[in-house]
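The values are calculated or read from the model by the stated rules, or taken from the named source; none is laboratory data. This one's a predicted model, so the numbers in the text were calculated from it and none came from an experiment. Neighbour counts are summed over all protein chains in view; Cβ atoms, including those assigned to glycine, are modelled from backbone coordinates with ideal geometry.
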Amino acid sequence: MGRMVFEMDIIPLAFESMGVRSMATFVETDQRILIDPGTSIAPKRFGFPPWKDEFDALHETRARVQEYAAKADILTISHYHHDHFTPFSLGRYLDSSPRYAEEMYLDKKLFIKHPTEKINKSQQSRARLFLKNLKRLGTRDIHYADGNSFQVGDTRLKFSDPLPHGGEGSRLGFVVTTTIEWENEKLMHASDVQGPIYEGAKKVILDEEPDTLILSGPPIYLEGFALEKRDVVRAQKNLMEICQKIPRVVVDHHLLRDLRCFDFIKEVKAESKGEIMVASELLGKEPYLLEARRKEFYF
C-alpha cells in the first residue's frame, strides 16, 4: 500500500486518548464540519468518581468543542448518547449547559440521526427533547442523515443506514457513520461500531473505501460483563482486515477505556499494511488516558 498525501484538514477535538469520552472531530474542506459535538467523563469507574485531572480534561475539551462549533458551518450527530452531542441541559459530567447548546446549534446546518426510526427508547426520548429545543432556538436547517447523501459546495456528505451500536441486536440502539468526500479524498467517521463487532459494519466500511477511517474500538473493559470474549476476537479480526485495505485507521473511544488497549493495537499493527494510530497521535501527541487509570489516582 503506497503512502498517500492527505489534504483534508482533520482535527480530533475530544477522544479517550485526550482524557475524555468522545469522538468529536473537526474537518475542513471547502466546508467546516464538526462531527459528534459532545464530550463527557464517566460518573463512576472502578467504583470511584472522576479525579481532578479528568474534570480538567473535560473543561478543556468542552472549550475546544465550543470553539470549533463556532467556526463550523455543518454539525453532524451519529446518535443520541451524551458523549456524541451536546444537550440543552446542565450536566456536570458533560460540562454542558443550555447556553453552550444554543451557541453551538444556532444558525447551523445539521445532519442528524433520525429521531424515531431505528432508535431505542432512551435515545428517542433525548432526540425528541433535542428537536423541541432546536425548534425553540429557531434552528430550521435540519436534515435526517440515515442512508442519505448531500452535496454542500464541493463537499459530499454520505451517511450509512443505521448500524448496531456494537454487536448485532445491541440494546444500545443504532448509529450512522459519516463519510466526507472532497478533492478526491475520503474520510469516514464510524462512531460506536465498537471494532467493528458487527460484520455488516465491516462491510459498510470496506465498501466505502475511505482513505482515512476514524472508528471506535471494542469496549474490552466490559469483557466478561457486557461483552463476550468471542466479540473481542471478532472485533480484532475485523479491524485487522480493515487495516489491510485502508491507508490510515484511527482507532479510539471505547477501546481506550482499558490499559490493555495498547496490546490490542500492537497485535493489529502487526497485521496492518497502512498506518494505525489513536486520535491524539493524529495531532502528534502521546495518548493521555485518564479513565483507564482512574484507580491509580486513588492509591
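For residues that are touching a residue at least 40 places away in the same chain (Cβ under 8 Å), in a strand (DSSP E or B) and aliphatic (A, V, I, L, M), scanning just segment 120-162, find the one that is farthest from Thr178 (Cα to Cα).
Top of the filtered list is Val152.
Of the residues Arg156, Arg140, which single one is out of contact with any Pro (no Cβ under 7 Å at 6 or more places or on another chain), over 30 Å from Ala57 (Cβ atoms) and at pLDDT below 95?
Working: Arg156 fails: at pLDDT below 95.
The conditions single out Arg140.
Search segment 266-299 for residues being touching a residue at least 40 places away in the same chain (Cβ under 8 Å) and aliphatic (A, V, I, L, M), and hand back the single one that is farthest from Met8 (Cα to Cα).
Here the residue is Ala292.
To keep it simple, each residue is scored yes or no on (1) within 19 Å of Met23 (Cα to Cα); (2) surrounded by fewer than 16 Cβ atoms within 10 Å (Cβ to Cβ); (3) modelled with pLDDT of 95 or more.
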position: Pro87; (1), (2), (3): yes, no, yes
position: Tyr100; (1), (2), (3): yes, no, yes
position: His114; (1), (2), (3): no, no, yes
position: Ser122; (1), (2), (3): no, yes, yes
position: Arg128; (1), (2), (3): no, yes, yes
position: Lys135; (1), (2), (3): no, yes, yes
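I'd like to verify a number: residues in segment 165-199 that are over 14 Å from the mean Cα position of the chain (by Cα) and either within 17 Å of Ile77 (Cα to Cα) or part of a loop (DSSP other than H, G, I, E, B) (or both), how many? Don't jump to the end; show me each part of the working.
Within segment 165-199, the first condition is being over 14 Å from the mean Cα position of the chain (by Cα), and the residues that meet it are 167-173, 180-186, 197-199.
Filter once more, so that each one left must be either within 17 Å of Ile77 (Cα to Cα) or part of a loop (DSSP other than H, G, I, E, B) (or both): 167-173, 180, 183-184, 197-198.
The qualifying residues number 12.
Which numbered condition in (1) over 30 Å from Ala235 (Cα atoms); (2) part of a loop (DSSP other than H, G, I, E, B) is the only one that Glu117 fails?
Only one criterion in (1) over 30 Å from Ala235 (Cα atoms); (2) part of a loop (DSSP other than H, G, I, E, B) is unmet by Glu117, namely (1).
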